[in-house]
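These notes are about the structure you will find just below.
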Amino acid sequence: MTFQALKTVATAIALTTILFASATPPSSVNTGSETNLRNDAAIIVQAGAAMIPARSFGSPAGVEHNAALDSAHLPEFGSPNSRFHASTQAFATEVSHDRGETEQQSPEPITPPVMTSPSGAAAVEQRSQGNRPPAAIVESFDGLGAGFEGPQGGAMLRNPSDNSLAAGPDHIFQIVNSRMAIFTKKGKQFGETGRVLYGPVPTNTIFRGFGGACEAMNNGDAVVRYDQLAGRWLVVMPTFRRGPVRPDQQGPGRSGEPAQVSTPGRPDQPGPAVRLFAPPPSPPNPPAQPGQAPRPGAPGQGNQSQQAGPQGPYSMCYAISAGPDPFGPYYRYEFLRPLFPDYPRPAIWPDGYYVPTSTGDDVIQKHACVAERAKMLKGEPAAEQCIVIDGVNFLNNADVDGKRPPPPGAPNIMMAAGGAQLKKVFEDDAILSWKFHVDWKNPANTKVAGPEKIAVAPYHYLCDGQLTNCVPQPGTERRLDAQGDKIMSRLVYRRIGGRESIVGLHSINTSAGGGGVRWYEFRINKDRNVGLHQQGTYAPDGFYRWMASPAIDRLGNIGIGYSFGGTPNFAGQRFAGRLAKDPIGRLTIHETVLVEGQGPQNAMRWEDYTQTAIDPSDDCTVWYVGDYIKKGSASYSSRIGAFRMPGCRRGR
């Protein structure tokens, strides 16, 4: 089909959508939205699980719709390269909505990737399992996804999942894309783990009564953290649709310019702390059939109008609990963002909540932001500062594990992988590092220093990067995306004695033609410079291990959870690790299976990320969440597990 024909199809669907959406109460519709029919056509090209190379036609955007609680909060279409908007809003050949996803197979053949590994990469490959016993699985249960039932009903969610997880003293808090749930954790308050106390509810429920974009728009990519330094829960939610134009909004900054102070989204924020609202169960939505148009108001639908002239801002929404209870109350904040706030990766640091974002998958630019943590914890008016950094692949800030903070005044460390997928540079031999210093009294002194190149063993992005047909599955030609172009998961910081360590990882090609987890431990010296301490590529066989997430327990042991797959194995979740004093460069703890996949996924996008979290009760147990497909299921389930590495005991 020609591009013009695709535009014609998209235009017809959009016009039909407008008729459906006309019944939406006008008071609840954000009139500052925008659309681009070139984007709509581009999404159709990208549908069928991206069997043709991704192509960019516009700026990324998109939100999810919930019929019961946010029926008027309509999405903005976006770029096919935007990593979750591409395969989930393609309504011509793939039907996606908040109760699940179905997808028609494209007639285009799937071409297997050419797997290459640069000279020197094999030198750090670990080609056998560790010889220590596997880490103990102390808890394991299903989270949000297919088959989930909670007080507010079921939750079959769109693909990919964007898993986020945090552990508190007595609870487990999970967010999957645009829904959240709270579970019991065995301990002083509950006698069992995994019982659903709350959810699934739209993530923006936490902003109920706050007003503005944070209450009005329910969005994917929300992230939850437990701030061990303060004993508080942090929920960060971006908005992927522009709000109305405001006279106080800022224009986008430029790389090299001083930090911009973000405009507060709401007057007199944060206002009083508010407890979580418990909505009634949502009525079930029947799953869409292959080839069936989405129901009115489903994701990819909306009352869109072309907007000329100035465009309104996006927003970043913060909710900080007043104590260790995940039910709140919460202080809420909104800060306006002039740039698209994709992939927020919150990191806890004493002087701020650092939240880097990607401004789009068709530009090599990142937005490094930090919110005023000290005032947020007190429920006081707070600020956010942001710096634009061009030429950056993907940024992550160091995120504190444990209760021992870095030295006073220490700048936060940001890191990124080298290379650039948009420039077809898939290989590199360095990790880039920056120092982010924030000055809340004088923002003119806020600065980002770097990048510094840290030499590492050469690597090649797994399957050349994101939105690629990568990991094979048995019984189908469909391959899964690996997000191999970036350090995707949180960058973990741990201070033990006089040692400060940072652990990061990414997914790379292996010499055996599969996928491996390249992991690094960096050390910070007395001058606050970062150097490589050890590295390794975990590739004990020719299968695929990818989309990993690390943690460091209180003894300095490193644990890593990751997706595992490759024919004849359906994609599932596994865990490996090492003890602090083991030989460098090796995961010495034998691989543990958290959950085996039971069937194939019929969409290309897989998870986008997994997540680990350290249990604050013992600073020892590593919680982890990732996806798998149950037998006969058309959509994913998430599996939550807790691991404890040898020698790290619960009691202290």
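The values are calculated or read from the model by the stated rules, or taken from the named source; none is laboratory data. Being a predicted model, the structure only gives us computed values, none of them experimental. As a convention, Cβ positions derive from the backbone with ideal geometry for all residues, glycine included, and neighbour counts pool all protein chains shown. Keep in mind that these areas ignore ligands, DNA and RNA; they rest on the heavy atoms of the full protein, side chains included. Shrake-Rupley method; radii C 1.70, N 1.55, O 1.52, S 1.80 Å.
Taking amide hydrogens as placed 1.01 Å from N in the peptide plane, the amide H of Y343 sits under 5 Å from those of S358, each at least 5 positions away in sequence or on another chain. The charge dipole of the range 143-188, taken about its Cα centre with unit charges on the Cβ of Lys, Arg, Asp and Glu (plus for the first two, minus for the last two), comes to roughly 120 debye. A probe of 1.4 angstrom, applied to the heavy atoms of all protein chains, finds T592 with accessible area near 10 square angstrom.
Extension gain for V245 to E149 (0.36 nm times residue separation, less C-alpha to C-alpha distance): 30.6 nm.
On the beta carbon distance between Q189 and K403, with R0 = 30 Å, the FRET formula returns roughly 0.90. The phi-based Karplus calculation (6.51 cos²θ - 1.76 cosθ + 1.60; θ = phi - 60°) puts the 3J(HN,Hα) values of the range 218-223 at 9, 10, x, 6, 5, 10 Hz, whole numbers, x for Gly and Pro.
Using a probe of 1.4 Å, the accessible surface attributed to E125 totals some 30 Å² when neighbouring protein chains are kept in position.
When you work out D = kT/(6 pi eta Rh) for the range 216-280 at 20 °C and 1.002 mPa s, using the Kirkwood radius from C-alpha pairs as Rh and the Stokes-Einstein form, the result is 138 µm²/s. The listed residues D619, D248, once ranked by accessible area (1.4 Å probe) with the largest placed first, stand as D248, D619. If only the Cβ of Lys and Arg carry +1 and only the Cβ of Asp and Glu carry -1, the dipole of the range 555-631 around its Cα centre is close to 280 debye. Candidates T612, M645, V593 compared by Cα position along the dipole of the range 571-652: farthest toward the positive end lies M645, with charges placed on Cβ. Amide hydrogen proximity for R586: with H placed 1.01 Å from N in the peptide plane, no residue at 5 or more positions away or on another chain lies under 5 Å.
At full extension, R254 and L422 could sit 58.5 nm farther apart than now, given 0.36 nm per residue minus the alpha carbon distance.
Ordered from largest to smallest accessible area (heavy atoms of protein chains, 1.4 Å probe), the residues R225, R499, R275 come out as R275, R499, R225. For the range 460-535, the average shadow cast by the Cα convex hull is 6.4 nm², which is a quarter of the hull's surface.
Protection proxy ranking of 148-155, 420-427, by the mean of other Cβ atoms within 10 Å over each peptide's residues and highest first, is 148-155, 420-427. Of the cross-linked pairs K441/K486; K186/K375; K423/K447; K366/K403; K453/K486; K375/K403, those separated by over 22 Å at the C-alpha level are K441/K486; K186/K375; K423/K447; K366/K403.
Take M115: with every protein chain present and a 1.4 Å probe, its accessible area is about 50 Å².
Each residue of the range 552-568 is assigned a 3J(HN,Hα), and the resulting list reads 10, 7, 5, 8, x, 5, 10, x, 9, x, 6, 7, 10, x, x, 3, x Hz, derived from the Karplus form 6.51 cos²θ - 1.76 cosθ + 1.60 (θ = phi - 60°), x at Gly and Pro. Once the C-beta distance of A273 and V114 is scaled by a Förster radius of 45 Å, the resulting FRET efficiency is 0.25 to the nearest 0.05. Across the options G475, T510, F522, the greatest Cα extent toward the positive end of the charge dipole of the range 469-604 (unit charges at beta carbon of Lys, Arg, Asp, Glu) belongs to F522. Under 5 Å from the amide H of L480 lie the amide H atoms of C470, V471, each residue being 5 or more positions distant or on a separate chain, with H modelled from the backbone and absent for Pro and chain starts. The range 450-506 and the range 603-647 have their alpha-carbon centroids 17 Å apart. The charge dipole of the range 154-217, taken about the Cα centre with unit charges on the Cβ atoms of Lys, Arg (+1) and Asp, Glu (-1), comes to about 140 debye, rounded to the nearest 20. Legend: residues H437, H460, sorted from most to least accessible area (1.4 Å probe; ligands, DNA and RNA excluded), read H437, H460.
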